[in-house]
Amino acid sequence: MDKQRLPIALVLSMLFLLWYLGRFAKPPEEQQVPPASSVAAGEVSSGGASQQARDVPRSGQNEPLRDNVGRSRDPAPVMASGAPAQEISFETYDTLGVWQARGASLRRLDLRDYHVTPHDPAPMPLLGEIDGNLGSFLLRDGSGRYGLDQINWNVEQRKNSSGVLEIVFSHETADGYLFRRTVTMFDDPAQPHTFGMVLEVKNVGEARSDPMTLVQQSARGLVDEEAGSAFYGQPTALAVVQRAPHEPEVVKWEGSSLTGDSRRIDEGERVIAAGTITNYFSSMMLPKGETRVGQVVPLAVDDMLKLERHVQAKNPIDERGAERLRMEMRSDTTPGAAVELQLWVPALNSGESEYFDFDVYNGPQALETAALPGYSFLGPVIESAYGNWAWINKTLLQTLRFFHSLIGNWGVAIILLTLLVKTLLFPLNRKQQTSMTRYSTVMAKLKPQLDELKAKYKKNSKKFNEEQMKLLKAEGASPPLGGCLLTFLQFPIWISLFQILGTSIELRQAPFVFWIDDLARPDAMPFGFFGLATINLLPLLMAAATTVQMRFQAKPADAQQAQTQKIMGLIMPIFMLFFLYSYSSGLSLYIFTSSLIGIFEFQVIRRIWPVPGQPGSPAAAKA
């Protein structure tokens, strides 16, 4: 029946919102890729930041990728055996961290301009030994004979001709291979959050070498300080693959898919970027020049730092209790994510070298950075976070930016956005109110006849429905659907704001007023009663305002519809409070403001400009 459409639509709307928000992190696409026993050489990647004071020679030609190619005569590698690894600290204008000789790896990297909390002045850790053992950007040979990810490399630091710090790692094997990795720590605003990394593999022996496979690992997961809520996406491994003239393809792996299929790079394809992302930040390796990647393999990394935070949040009594909690919570802790890039070293004559050149970006997923020369790879990464709502998100974010440029406060920008949306929807809302008033008037007029039909056909509901529809049609009355339409029209705004608050770096730790210092987080007002240190006040205000607004809605003439409206007026605010209590205060601010404007419209605007047909309107007075 028509009178059932409104509650059904509202229930379906809430179920849709619950389903969508619960699955905010878009599932990765399954990659059905056959094993890369043979991969043709792809196009050369030219993405990434511009090269600064680096001239990379090259010899030899890339060959198809082959797995498990090694040297049977290579002696067992000499492992670090717990020996302390030499460390080199570095500082640039936007990062600081530590490289170590063990595995020629990055032990730690912090971002100077970002912080864990709004009031913490310390630089934010982005990369670290999240599994408690290994650093980032490890290298190994496909056979594992050389133990490149375990040994202590020789290391030296120097300044190049441009005065930029270079850290040079080297290791020579007993059978005539020289591995040399040169890291260039860019310190230039034109190349933000970026360092260069060139790997040279040289045959220093007398005989022609065999070909081999190398595996270059990305950052071993990001220090995930943002994953304190189920609303934040999982750490994700990602590759951006280009096949001209098509748009770049973004391949993602997260959760259980981190142990799934790899992405083979076929002939005509090239890897633009590959690495790890969280909600706001990314660490991406950018192949440069003639560097070819044969395959991108996802990797799950045990996040022991996150596990330890979860354990300590339970306040274990002693170490035995903490260890028991670690055992219980390990399987429920979301793993970190990384990728491995498979590289091919051809057979080399004595004295020949093969070079692999990368830029490495470790920083925010910011649209401003994506607009810089060499950083266009960030565009597809940001777009992938938006999914099918990308154009709505871009429009909404640009609108918020415009208001922020005028006011300088993101909270006020959200309020102005709400006012703009309500203004644009006002004509449709007015039409819906007029339709609802007209329908209620007709239903009140027909109530005696409907009661007679209900009594006459009380045992035949089908016949009653048919006769009722005939009567309504004769009077030109039909249940208005405008209310449902308005709800659906605002769904994209809610979902888009939900995504923007969870992914746009501009809104991360954006303050509003008073205690609200991060619109991307719950507002957490200091409380101190009933054992609660804080409460999230904005969701409570939102639920209260929504309840009041629904109480002001026009009451249907039909008793059953009126009862349904009353029930929905109770259920919907509770549902919204339950679901949004622990999410971004910015979304609660939007809905709270929208409800206040709705109350103002009912209490003030409708008195000044009555809806035709309602008591006090000119049409009603004339009748």
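The values are calculated or read from the model by the stated rules, or taken from the named source; none is laboratory data. Please read these numbers as outputs of a predicted model, since none were measured by experiment. We place every Cβ from the backbone using ideal geometry, glycine too, and count neighbours over all the protein chains shown. Just the protein is used for accessible areas: all its heavy atoms, side chains included, with ligands, DNA and RNA removed. Shrake-Rupley method; radii C 1.70, N 1.55, O 1.52, S 1.80 Å.
Has the range 89-100 got at least one residue that is in contact (Cβ under 8 Å) with a residue 40 or more places away in the chain, open to solvent by 50 Å² or more (accessible area, probe 1.4 Å) and assigned to a strand (DSSP E or B)?
Here is the first cut: in the range 89-100, the residues in contact (Cβ under 8 Å) with a residue 40 or more places away in the chain are 90, 92-95, 99.
Then drop every residue that is not open to solvent by 50 Å² or more (accessible area, probe 1.4 Å), which leaves 93.
Narrowing further to those that are assigned to a strand (DSSP E or B): none.
Within the range 89-100, not a single residue is in contact (Cβ under 8 Å) with a residue 40 or more places away in the chain, open to solvent by 50 Å² or more (accessible area, probe 1.4 Å) and assigned to a strand (DSSP E or B).
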* **Test set (1) at pLDDT 95 or above; (2) surrounded by fewer than 21 Cβ atoms within 10 Å (Cβ to Cβ) - residue 313 fails condition number** => (1)
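Pick out the one residue from 318, 332 that is within 30 Å of residue 498 (Cα to Cα) and open to solvent by 60 Å² or more (accessible area, probe 1.4 Å).
Values: 318 fails: within 30 Å of residue 498 (Cα to Cα).
After applying the criteria, what remains is 332.
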* Structure fact -> Condition set touching a residue at least 24 places away in the same chain (Cβ under 8 Å) and open to solvent by 90 Å² or more (accessible area, probe 1.4 Å), scope the range 146-161, selection farthest from residue 105 (Cα to Cα): answer is 161
* Structure fact -> Per the filter on the range 259-279, residues within 23 Å of residue 363 (Cβ to Cβ) and among the hydrophobic types (A, V, I, L, M, F, W, C) are 271, 272, 273, 274, 277
* Scan the range 432-461 and report the pairs whose first residue is within 30 Å of residue 489 (Cα to Cα) and whose second residue is open to solvent by 40 Å² or more (accessible area, probe 1.4 Å) and assigned to a helix (DSSP H, G or I), with Cβ atoms within less than 7 Å and a gap of 6+ or a chain change. => 442/475
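Please specify each residue of the range 278-291 satisfying the condition of being farther than 23 Å from residue 246 by Cα and open to solvent by less than 10 Å² (accessible area, probe 1.4 Å).
Residues satisfying the conditions are 280, 281, 282, 283.
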* Can you give me the number of residues within the range 422-453 that are open to solvent by less than 80 Å² (accessible area, probe 1.4 Å) and either in contact with a strand residue (DSSP E or B) (Cβ under 7 Å, 6 or more places away or on another chain) or of a type in the set (Asp, Glu) (or both)? => 1
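A quick yes/no check of all residues on (1) within 27 Å of residue 332 (Cα to Cα); (2) touching a residue at least 24 places away in the same chain (Cβ under 8 Å); (3) of a type in the set (Gly, Ala, Ser); (4) out of contact with any Ser or Thr (no Cβ under 7 Å at 6 or more places or on another chain):
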{"residue": "113", "(1), (2), (3), (4)": "no, no, no, yes"}
{"residue": "131", "(1), (2), (3), (4)": "yes, yes, no, yes"}
{"residue": "139", "(1), (2), (3), (4)": "no, yes, no, yes"}
{"residue": "180", "(1), (2), (3), (4)": "no, no, no, no"}
{"residue": "206", "(1), (2), (3), (4)": "no, yes, no, no"}
* Asked: Out of all the residues in the range 169-216, which are out of contact with any Leu (no Cβ under 9 Å at 6 or more places or on another chain), open to solvent by 10 Å² or more (accessible area, probe 1.4 Å) and closer than 25 Å to residue 126 by Cβ?
  -> 188, 189, 198
* Structure fact -> Filter the range 473-511 for residues that are modelled with pLDDT of 85 or more, part of a loop (DSSP other than H, G, I, E, B) and of a type outside the set (S, T, N, Q); the one that is surrounded by the fewest Cβ atoms within 10 Å (Cβ to Cβ) is 511
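Residue under question is residue 376, and the condition is that it be open to solvent by 70 Å² or more (accessible area, probe 1.4 Å) and modelled with pLDDT of 90 or more; does it hold? Don't jump to the end; show me each part of the working.
Values: open to solvent by 70 Å² or more (accessible area, probe 1.4 Å): yes; modelled with pLDDT of 90 or more: yes.
In short, yes.
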* Asked: Any residue in the range 110-122 that is within 17 Å of residue 195 (Cα to Cα), touching a Lys or Arg at 6+ places or on another chain (Cβ under 7 Å) and open to solvent by 10 Å² or more (accessible area, probe 1.4 Å)?
  -> no
* Asked: Which residues, counting only those in the range 275-290, are more than 26 Å from residue 500 (Cβ to Cβ) and not in a strand (DSSP E or B)?
  -> 288, 289, 290
* What pairs come up if the first residue lies in the range 226-246 and is on the phi < 0 side of the Ramachandran plot and charged (D, E, K, R), the second is open to solvent by less than 30 Å² (accessible area, probe 1.4 Å) and modelled with pLDDT under 90, and their beta carbons are under 8 Å apart, counting only those six or more places apart or on different chains? -> 226/232; 226/278; 226/279
* Asked: Give me the pairs: first residue in the range 326-342 and among the basic types (Lys, Arg), second residue outside any strand (DSSP E or B), beta-carbon distance under 7 Å, and six or more apart or on different chains, which are they?
  -> 326/307; 326/311; 330/307
